[in-house]
1. Rounded to whole Hz and in sequence order, give me ³J(HN,Hα) for the stretch 125-133 from the Karplus expression 6.51 cos²θ - 1.76 cosθ + 1.60, θ = phi - 60°, writing x for Gly and Pro.
2. Rounded to the nearest 10 degrees, what's the angle between the helix 566-577 long axis and the longest principal axis of the chain, both from Cα atoms, 0 to 90?
3. Hey, could you get me the Stokes-Einstein D for the stretch 363-503, Kirkwood radius over alpha-carbon pairs, 10 °C and 1.306 mPa s, rounded to whole µm² s⁻¹?
4. Over all directions, the average projected area of the alpha-carbon convex hull for the stretch 270-328 comes to how many nm²?
5. Which one of 364, 340, 303 has its Cα pushed farthest toward the positive end of the charge dipole of the stretch 295-404, where Lys and Arg give +1 and Asp and Glu give -1 at the Cβ?
6. Which order do 635, 480 take when ranked by solvent-accessible area (1.4 Å probe, heavy atoms of all protein chains), largest first?
7. Given a cut-off of under 8 Å on Cα pairs at least six residues apart, what relative contact order in percent is computed for the stretch 158-210?
8. Separation of the stretch 645-659 and the stretch 217-279 by C-alpha centroid, Å?
Amino acid sequence: MYIKHAIALSAILTSSGAFAQQCQPGGQPLVYPISKKVDQVDDYHGVKVADPYRWLEDANSDDTKAWIDAQNKLTQAFLEKIPAREAIRERLTKLWNYERFSVPFKEGGRYFYSRNDGLQNQAVLYTVKQINDEPRLLLDPNTLAADGTIALAGIAVSPNGKYLAYGTAASGSDWNEWKVRDIVSGKDTADHLQWVKFSGASWAHDSSGFFYSRYDAPKEATKLADVNYFQKLYFHKIGTPQADDVLVYDRPDQKEWGFDGHVTDDGKYLIISISQGTEQKNRVYYKDLSKKDAPVLPLLDDFDASYAFIDNDGPVFLFNSNKDAPKGRIIAIDTRHPDAAKWKVIVPESEQTLQGANVVNHQLIVDYLKDARSQVNIYALDGKLIREVALPGIGSAGGFGGKRNDKETFYSFTGFTTPASIYRYDLQTGKSSLYRQPKVDFDPNAFETRQVFYSSKDGTRVPMFIVSKKGLKLDGSNPTYLYGYGGFNISLTPAFSVPNLAWMEMGGVYALPNLRGGGEYGKAWHEAGTKLNKQNVFDDFIAAAQWLIANKYTSPQKLAIGGGSNGGLLVGATMVQRPELFAAAIPQVGVMDMLRFHKFTIGWGWTSDYGSSDNAEEFKALYAYSPLHNLKPGTCYPATLVTTADHDDRVVPAHSFKFVATEQADQAGSAPVLIRIDTKAGHGAGKPTSKQIEEVADRWGFLTKVLGMQPGPDGAAAAGEPAKSNSN
């Protein structure tokens, strides 16, 4: 079926210039594997739409497997001849080799945290009785698979401190298996749960078992692609087979409803949050666990806003909600008098965007975003402000968990050039003390972070972080990586990244705009980038690129764009709309077929952000920007490296396959169009360190070539040494 062509690399690999805008005669393009076309045409509300690469949706077919093999051979042949690639890989390995910890939490009289000693594929779970005791290894996921492709997907410790329930994910799949480990002996019990997806575990107060959600067993051959409907909430009793688990709640009349069961800290109630896909709204039901055979009762059943349960004072429940408060507020609802007119506002809406809240030491710890940076306030339970937490700087804080009677909590703090450090916070004194601080082989003083604000196409003010070496010359010559997401109410905040650090050491600029569709400024900001408004997200991204060019940070010949998942859609749509604006594009695990995304796994759940091609009006909007459907023959597209993975059951790889086949056929210039298809990997969560290093080395190696980044003295791009404080 496939003709294996020789790869014409010589002219490209000996060129010292970038690939951008190479549409002139004389450019030497790659010779791509042949992608057969089939006569598949669909009718969407009277519009005929061809889908010639539909066959690539069947990942198990011989034709698709042969296509994958041919594409990977082409890509690896290209990447292997890039001089800088090995030096980048070595530098990444050195940078990644640093000790890092998770935020500790306490349960059952013990502390628990994870630690990676540097290059371990997966972090290891430890426990201690006192926070500064010598840790005892509890669970090492690296022993579960020799290649590190089995990762922890979730943990839950029983209230009595006897058991650890833990979920594992194999090869990056969203399908999880859950087991139980005796914490004292370190041995697993016979408990084994399968077909768990999008669920944690919440223990009963007596530690007899836990609540979790699962789906019916799928067909083995198509389990990574079949649509997921009819989730069910169960209770698993320790020591019994999964077949005996008690069905707590399901809705055969609502195939799209998902259930998250959470036991209150006092053990009296089971709170059931009911979601519908990724819609930023939910229902809340509850069950009185102190009464035998108590029914599940609806509390908030209008599906009109988001309600995140925080804690309870007996029958009075605290929620973080955006009901009548687009940026969020904290309300109290008495379940005995649940009418909205009787709700009590504890912490009113503010200028900052409320991200989450916990009750610790009988105080509310409330996490806000202020222009995409963390701000944390402490309130009394009646809503009186006690203090603002003095964070170590401008960046992102996370953690602040605990229980009502705890006197301490822990949090992490990170920034673009600040590796995540762990702090202990004394809620009585309001003082933070450093608990763990990593040591990374670089000089943070050699870099600087700026936050700028620019105007999008419609005049909307959008913030953007820019990180680079100090002393950056604004002459338009800097290789720049513009990264974005813009969707699903997700906020992109400052965070340390080894890949980004390596990029900046090479002289690259990293730019991160906070696009509409995200959650940085609350409900209105999110909705301004959804459904019929989705083009706003692409306009925001394009405007960020134009601002960087206008302000001499970079030029179209030196500008690359990247993003993953919904961010992959962002990159695909943007490069198709404005191909002349970018030299390179790296869409990772992207949603590229906006007409069929809802037909696979959990894709139907994204219609709250995207809309659906089943709706005539939404189809028009989707068809107008769908990356796959807006590629045009004879167009000069930027150098493109698409990345995906064979076990991605979140955004199935067919999106990337069909996009690449189409772009390769349509590409008029000599800029390469390649796809990197990882094996035994998924959407990204739990990816082993070794695989991360290899993927990033390929990504940055690709950019050094296509952006024409000049080699250092040793013949490789300047990636071998950490930046000095006086670097330019």
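1. 8, 10, 9, 9, 7, 10, 4, 9, 5
2. It works out to around 30 degrees.
3. Values: Rh = 17.3 Å.
After rounding, the answer is 92 µm²/s.
4. On the way: hull surface 17.9 nm².
Projected over every direction and averaged, the Cα hull of the stretch 270-328 covers 4.5 nm².
5. The Cα lying farthest towards the positive end belongs to 364.
6. Details: 635 30, 480 0 Å².
Result of the area sort, largest leading: 635, 480.
7. Working: 84 pairs, mean separation 17.9, N = 53.
Relative contact order here is 34 percent.
8. 26 Å
The values are calculated or read from the model by the stated rules, or taken from the named source; none is laboratory data. All values derive from a computational prediction rather than experimental measurement. Cβ coordinates were reconstructed from backbone atoms using ideal geometry, including for glycine residues, and neighbour counts include every protein chain displayed. Remember, those area values only see protein heavy atoms, side chains included, never the ligands or the DNA or RNA. Shrake-Rupley method; radii C 1.70, N 1.55, O 1.52, S 1.80 Å.
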